[in-house]
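Remarks on the structure that follows.
Here, each number is a calculation from the coordinates, and none is a lab measurement. Just so it is clear, the structure is predicted and the values come from calculations on it, not from any experiment. Backbone-built Cβ (ideal geometry, glycine too); neighbour counts: all protein chains shown.
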Amino acid sequence: MGFDWLFSSMLYGPTWRKHRSLFQRHFHQRSTLQHQPVQTIEAHTLLRNLCSTPDDLFHHIRRGSAAVVMDISYGHQVSQEGDIYVTIADRAMTGIAAAGIFGTYLVDYIPWLKYVPSWLPGTGFKRQAKEWRKYSRAMLDRPFEMVQERMRNGTAKPCFATAELENWNKSGQDPAHKIMIQNVAAISYAAGADTTVSALLSFFLAMSLHPEIQVRAQQEIDAVTGGQRLPQFSDRSAFPYIGCIVWECLRWNPVTPLGLIHTATEDDIYAGYSIPKGTHVMANVWNILHDVATYPDPMSFMPERFEDEETNKAHGINDLPLAAFGFGRRMCPGRYLALDTIWINIACVLSSFTISKAIDKNGRPVEPDIEFTSEFLSRPKPFQASIRPRSAAALELIRETEYDHPTS
């Protein structure tokens with residue numbers, strides 16, 4: 001399918017370590033501080049977009065999530081509608097979502113099918129894979145070519161790609177290292193955008209179902225801002241309940257419910273089970289994060305479960321849902337960027353809007369279905385919600401962001 005440039009497609013070894021090291025250089029916990037301005041800008045853009053067309057919730061979240069990583073990785077400002085680079089990436093990511101779970105296609109069970117002609121019955125997966133490969137390659141090549149062209153004509157913005165290409169130009173221009181720069185730039189989109197989309201959609205769904213959670217969070221925000229300004233990253237320590245909401249969004253519906261396939265690098269024994277070297281192992285992340293022994297009442301959305309760390313630790317319950325980001329050395333390296341993006345969006349939205357159930361033409365509330373997609377990348381299925389500014393003052397604060405960050 002052409003996704004050999006992804007971390008998850010690489011065997012553990014020197015190539016994998018070099019790619020991850022380069023990624024970590026720009027996305028470790030301390031370095032993500034430099035990305036907070038663009039995350040704030042895009043959170044404010046989301047507020048303005050929700051004022052204009054609240055029914056286009058999914059589009060606005062998708063655009064904003066993509067805009068953060070495209071700016072950081074390529075210095076590209078995503079347009080409001082029909083951005084070519086986002087369109088390409090979304091089509092490529094559709095391939096990952098559809099084929100990422102083992103067993104989706106017959107070839108997963110009968111590997112030799114990949115060698116038969118694509119015109120034979122039962123080999124439609126080959127035609128589909130060819131289409132996805134086209135978008136995978138375009139996702140890798142097109143934005144990287146755009147950055148290089150802008151560097152040549154002097155219009156490139158500082159970003160991951162320009163910083164690393166400038167270093168590459170000064171250090172001998174090793175072709176293999178340039179390919180690695182290109183790979184890691186694309187990996188940053190794949191690693192960050194969908195986590196943010198899934199978590200934020202889960203947030204809007206949960207808020208429409210739980211007005212009491214929303215009110216408590218808004219009281220926490222108002223106590224700090226006085227309704228006179230929007231939340232900032234510097235407020236984070238003063239908003240512990242908002243942090244709990246972020247973690248509960250990630251636990252309630254983990255983005256990758258079956259995680260990534262891991263391969264045993266040596267023979268092992270776990271809980272009496274023999275695991276031979278080369279065995280493919282899949283972690284049931286959804287079940288881990290819905291284990292009643294660890295997360296009491298796991299199907300309920302309860303941010304307060306994370307509040308009392310000491311009691312939780314004493315009883316061995318309500319661990320932070322880090323499993324949502326994977327395990328071990330393959331744990332998602334973009335998690336700090338994703339957590340920051342999710343946090344600032346949730347804080348700004350709660351400060352500005354009231355989210356409730358949609359109202360039908362007869363004036364009755366529409367009960368949203370709590371259903372999630374079952375692909376490799378999971379998110380809430382389409383749902384309706386009412387999203388309205390909390391007050392005239394909140395609306396004015398949203399409008400004022402236009403002067404600082406004009407909509408592209």
inquiry  = How charged is the neighbourhood of Thr265? Take every other residue with its Cβ under 13 Å from the Cβ of Thr265, and add Lys/Arg as +1 and Asp/Glu as -1.
reply    = 0
task = Report the local net charge at Asp404: Lys and Arg +1, Asp and Glu -1, summed over other residues whose C-beta lies under 15 Å from its C-beta.
result = -1
message = From the Cα trace of region 7-404, what convex hull volume per residue do you get, rounded to a whole Å³?
response = 181
note = Whole-Hz Karplus couplings 3J(HN,Hα) for region 255-263, θ = phi - 60° and coefficients 6.51, -1.76, 1.60, Gly and Pro as x, run 4, 10, x, 10, x, 9, 6, 9, 10
request  = Mind ranking 340-349, 279-288 by how tightly packed they are, going by the mean number of other C-beta atoms within 10 angstrom, highest first?
outcome  = 340-349, 279-288
remark   = For Ile261, other-chain or 5+-apart residues with amide H closer than 5 Å (H placed, Pro excluded) are none
inquiry  = For a protection proxy built on the mean count of beta-carbon atoms within 10 angstrom, sort 65-73, 239-247 highest first, please.
reply    = 65-73, 239-247
ask   = Local charge sum around Ser274 (other residues, Cβ-Cβ under 9 Å, Lys/Arg +1, Asp/Glu -1)?
value = -2
query = Taking Cα pairs under 8 Å and at least six residues apart, what relative contact order does region 7-404 come out at, in percent?
reply = 23
ask   = Pulled fully out, how much extra length does the chain show between Arg48 and Glu309, if you take 0.36 nm times their separation in residues and subtract their Cα-Cα distance?
value = 90.3 nm
remark   = Checking rank on 10-17, 139-146, with mean other Cβ inside 10 Å and highest first, the result is 139-146, 10-17
